1. Out of curiosity, is R71 under 26 Å from the mean Cα position of the chain (by Cα) and assigned to a helix (DSSP H, G or I)?
2. Mind checking which residues of the range 94-112 are under 38 Å from the mean Cα position of the chain (by Cα) and surrounded by fewer than 12 Cβ atoms within 10 Å (Cβ to Cβ)?
3. So for the range 17-24 (the condition being farther than 14 Å from L59 by Cβ and either of a type outside the set (D, E, K, R) or more than 24 Å from the chain's Cα centre (by Cα) (or both)), does at least one residue qualify?
4. Given L107, L76, which one is farther than 30 Å from M1 by Cα, assigned to a loop (DSSP other than H, G, I, E, B) and modelled with pLDDT of 90 or more?
5. Might you let me know whether the range 81-90 holds any residue that is part of a helix (DSSP H, G or I), open to solvent by less than 70 Å² (accessible area, probe 1.4 Å) and closer than 22 Å to W16 by Cα?
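The values are calculated or read from the model by the stated rules, or taken from the named source; none is laboratory data. Just so we're clear, the structure is a prediction, and the values are computed from it rather than from any experiment. Cβ placement follows ideal geometry from the backbone for every residue including glycine, while neighbour counts extend to all protein chains displayed. All accessible areas refer to the heavy atoms of the entire protein, side chains included, with ligands and DNA or RNA removed. Shrake-Rupley method; radii C 1.70, N 1.55, O 1.52, S 1.80 Å.
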Amino acid sequence: MRSFTVVYERDEPGWWVARVKEAPAAITQGRTIAEARRRIREALALALDSDSAARRAKLVDDVRLPREVTRAIAGLATSRARVERERRTLSRALDAARHQLIDRLGLSHQRIHQLESAARAGRQR
């Protein structure tokens, strides 16, 4: 079974252009990646002059997102990592505060939970 790499790129009007790296004549487009993916096998069959070879071919997707989308995804990953660091810091601070309430004031875990719940309810109002 032959393998072909299909490159998907978004053009200016917003269509997804699909082209086969190993067969430059195999090119098509679609409003969605899925539509372009369905159409590329037909374009490959025409380029290879063989329906059966195109049907048996393994297609490997290489989706190339627009630059602004790639930047947005990178920003999201950075923000997610920052939030996770802050969550861990908050968790350590809460654990320390709970230990202080238990060790210094002798409060039970149940009473601490009640105080936390009341504080959360007060913030939601």
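1. Details: under 26 Å from the mean Cα position of the chain (by Cα): yes; assigned to a helix (DSSP H, G or I): yes.
When the stated conditions are applied, R71 passes them.
2. Quick first cut of the range 94-112, residues under 38 Å from the mean Cα position of the chain (by Cα) only: 94-98.
Residues satisfying the conditions are D95, A96.
3. Kept after step one, since they are farther than 14 Å from L59 by Cβ, are these residues of the range 17-24: 17, 24.
Applying the additional criterion that residues be either of a type outside the set (D, E, K, R) or more than 24 Å from the chain's Cα centre (by Cα) (or both) yields 17, 24.
Checking the range 17-24: at least one residue is farther than 14 Å from L59 by Cβ and either of a type outside the set (D, E, K, R) or more than 24 Å from the chain's Cα centre (by Cα) (or both).
4. Numbers: L76 fails: assigned to a loop (DSSP other than H, G, I, E, B).
Answer to the check: L107.
5. Looking through the range 81-90, none of the residues is part of a helix (DSSP H, G or I), open to solvent by less than 70 Å² (accessible area, probe 1.4 Å) and closer than 22 Å to W16 by Cα.
Table: residues versus (1) open to solvent by 100 Å² or more (accessible area, probe 1.4 Å); (2) within 30 Å of S3 (Cβ to Cβ); (3) touching a residue at least 12 places away in the same chain (Cβ under 8 Å).
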{"position": "R19", "(1), (2), (3)": "no, yes, yes"}
{"position": "R38", "(1), (2), (3)": "yes, yes, no"}
{"position": "A45", "(1), (2), (3)": "no, yes, no"}
{"position": "K58", "(1), (2), (3)": "yes, yes, yes"}
